[in-house]
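Peer 1: The structure follows.
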Amino acid sequence: MVIVKTIEALQEVQKKLSGAIGFVPTMGALHHGHLSLIQQARKENDHLIVSIFVNPTQFLEDEDLDAYPRKDAADIKICELAGVDILFMPTIDVMYEEDELCIGAPAIRGYVLEGEKRPGHFDGMLQIVMKLLNLSSATNAYFGKKDAQQLALITQMVKNYFMDVNIIACDIVRDENGLALSSRNVYLEGEEKQRALSLARSLKRATKLIMAGEKNVELIKKEMLLVLKDTDEVEYVAIVDREFNALERVEIGNTIILVAAWVGKPRLIDNIWI
Ligand code: PAF
C-alpha cells in the first residue's frame, strides 16, 4: 500500500494504473461499516483507493470538528490488511484554498431532514466529494446507505454535472444488537447503548406494520415515535421516496424510512429501504 498526502503524489501513482479504479472516501475512525465498503470495492475493481480526510467544510460552527475521532495509525493498519492500493491522506491546505468556487446542495432535497437540521452540511460534503471523485478518477465510488440523503445528493451531483463515475450504494452494517455502525457510537456510554437501539427498533416496528399491510405514513410515524420514547430527543422521523420527496402512502420498492435522534452525547441516524 502506498500512502500519499499531496495531489502530485496521488497523480504520480495513478499514472501507473490501468483498469477499474474503486474508491472509498472516508473521514477515518474506520469501523466495520467502512470495512464492508472497502471489501466490496476491493472485489469489484482492479485498483483500490481509500481517502481519509476529516472535511472541515461539512461541519457546522457548533459541531466540534476538533473532537471528531481520529485514529490514523489504526486506520492505516486496517487499510493495509484490507488490500488497499493507495491511501490518500491530505491535509486541509492540500484540499482547499482561500475564496473557493463552491457548488451547493439543491434547494429542496438538500434542505429537508439532515439538510434542514444541519444547514450548510451538504454544501461542504458535496464540495469535498466532487474534489475527491475528480482526484481519484474512480470508475466506481462506494457510499453507505446509512447516510441515505448524502448518497441521494451525491448521485444527483454526478448526474447533474455529467461526472463519469458509478455511485455504488452499500448496505448498512449493524452490530450484533442491531445498532447501525457509526464513528459517533464511541460516544455512547453505559445504558445509552441500550437506548440507542430504539432507532433500529422503531424501523423494525415500521417494517412489521408495512408487512401487515399498513401504508399510511402518518400512522406508521406515530407508532415509530412510541418506540423512540427511549431516546433523549427525536429530531425527525420521515418517510420519503428514494429521491427524498415526501410520501403520504408507502410505495413498496421506492420508500426510505429515516430517523434522527439524540441519545446522550451523540446524534444518531438510521434508516431502512422498503
Ligand atoms: O460519509 C462520510 O464519511 C463523509 O461525508 C464523506 C463522504 C467522506 C465526505 O467527507
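The values are calculated or read from the model by the stated rules, or taken from the named source; none is laboratory data. Computed from a predicted structure; not experimentally measured. Counting neighbours? That spans all protein chains shown, and the Cβs are built from the backbone with ideal geometry, glycine included. For the accessible areas, the whole protein counts, side chains as well, though only heavy atoms, and no ligand, DNA or RNA atoms are used. Shrake-Rupley method; radii C 1.70, N 1.55, O 1.52, S 1.80 Å.
Peer 1: With a 1.4 Å probe and all protein chains kept in place, how much accessible area does residue 72 have, in Å² rounded to the nearest 10?
Peer 2: 80 Å²
Peer 1: Just name one of 213, 113, 162: the one whose Cα is farthest towards the positive end of the charge dipole of the chain (beta-carbon charges, Lys/Arg +1, Asp/Glu -1).
Peer 2: 213
Peer 1: Next question. List the chymotrypsin sites (Phe, Trp or Tyr not before Pro) in the stretch 225-274 that DSSP assigns to loop (not H, G, I, E or B) and whose Cβ has at most 15 other Cβ atoms within 10 Å. Which are they?
Peer 2: Working: sites: 236, 244, 262, 273; in loops: 244.
Here no chymotrypsin sites (Phe, Trp or Tyr not before Pro) fit, given the DSSP loop and packing criteria.
Peer 1: Same structure, new question: Using all C-alpha to C-alpha distances in the stretch 90-141, build P(r) with 10 Å bins and read off the rounded percent in each one.
Peer 2: 22, 44, 31, 2
Peer 1: Let me ask something else about it. From the Cα trace of the stretch 114-189, what convex hull volume per residue do you get, rounded to a whole Å³?
Peer 2: It is 116 Å³ per residue.
Peer 1: Picking from 256, 73, 150, whose Cα lies most toward the positive end of the charge dipole for the chain (charges on Cβ: Lys, Arg +1; Asp, Glu -1)?
Peer 2: The residue sitting farthest along the positive end of the dipole is 256.
Peer 1: Testing the spin-label approximation: label points 7 Å from Cα along Cα→Cβ at residue 169 and residue 243. State their distance in nm.
Peer 2: A separation of 1.3 nm, rounded to one decimal place.
Peer 1: Which whole-number value in Å² is the accessible area per residue of the chain, probe 1.4 Å?
Peer 2: Result: 50 Å² of accessible area for each residue.
Peer 1: So, taking all protein chains as they sit and a 1.4 Å probe, how much accessible area belongs to residue 15, in Å² rounded to tens?
Peer 2: Around 150 Å² of this residue is reachable by solvent.
Peer 1: Using a 1.4 angstrom probe with every protein chain in place, what is the largest-first accessible-area order of 142, 96?
Peer 2: 96, 142
Peer 1: At a probe radius of 1.4 Å, what is the per-residue accessible area of residue 191, in Å² to the nearest 10?
Peer 2: Here the residue's solvent-accessible area equals roughly 110 Å².
Peer 1: Please report the projected area of the chain's Cα convex hull averaged over all directions, in nm².
Peer 2: Spelled out: convex hull of the Cα atoms, projected over all directions, averaged, 14.7 nm².
Peer 1: Another one. Along the stretch 223-230, what does the Karplus equation 6.51 cos²θ - 1.76 cosθ + 1.60 (θ = phi - 60°) give for ³J(HN,Hα), rounded to whole Hz, x for Gly and Pro?
Peer 2: With coefficients 6.51, -1.76 and 1.60, one gets 5, 5, 4, 5, 5, 7, 4, 6 Hz.
Peer 1: Further question on the same structure: Compute the FRET efficiency between residue 98 and residue 65 as 1/(1 + (r/R0)^6), taking r as their Cβ-Cβ distance and R0 = 25 Å, and round to the nearest 0.05.
Peer 2: 0.85
Peer 1: Considering the chain as a Gaussian network with a 10 Å cut-off on Cα pairs, which listed residue, 260, 246, 73, attains the greatest mean-square fluctuation?
Peer 2: 73
Peer 1: Could you sort 121, 32, 47 by their accessible area in this structure, using a 1.4 Å probe and putting the largest first?
Peer 2: Accessible-area ranking of 121, 32, 47, largest first: 32, 47, 121.
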